[in-house]
1. Checking the a/c ratio against 1.5 first, then a/b against b/c, what shape does the Cα gyration tensor give for the chain?
2. Quick one: check the C-alpha center-to-center distance for segment 45-87 versus segment 9-44, whole angstrom.
3. Would you mind checking which residues have amide H under 5 Å from residue 18's amide H? H placed 1.01 Å from N; only 5 or more apart, or other chain.
4. Amide H neighbours of residue 29 under 5 Å, at least 5 residues apart or on other chains, H built in the peptide plane: list them.
Amino acid sequence: MEETLRRPTCPHCASYRVVKNGSVQGRQSYLCRRCYHRFLPDAKRPNHPPTLKHRARDLYQQGWNVTAIARHLGVAIPTVWKWIHRH
Ligand SMILES: [Zn+2]
């Protein structure tokens, strides 16, 4: 779980499904497995778009469980928990 939290997220689609992709100018770069966007992890902390948050809550109200929502939206499970339980 800790490992997941420390991993960078894709600044393009906010997915946690990223892999190391060599280095650029001495810095570790990552490749997003979801949208194939390449990025450097410390390039600005990505924010999840509010629409994603609303979508997660909608799905939760429709009876989806947190794991399914996280997988569907490509977001980490703790993040979904936070969205649903903080108002
Ligand atoms: Zn992406």
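1. Prolate shape, in that a/c is at least 1.5 and a/b is the bigger ratio.
2. Here the answer is 21 Å between Cα centres.
3. 33
4. Amide H neighbours of residue 29, under 5 Å, 5+ apart: 21, 22, 23, 24.
Throughout, read-outs are computed from the coordinates displayed, never taken from laboratory work. None of the values given here were measured: they were computed from a predicted structure.
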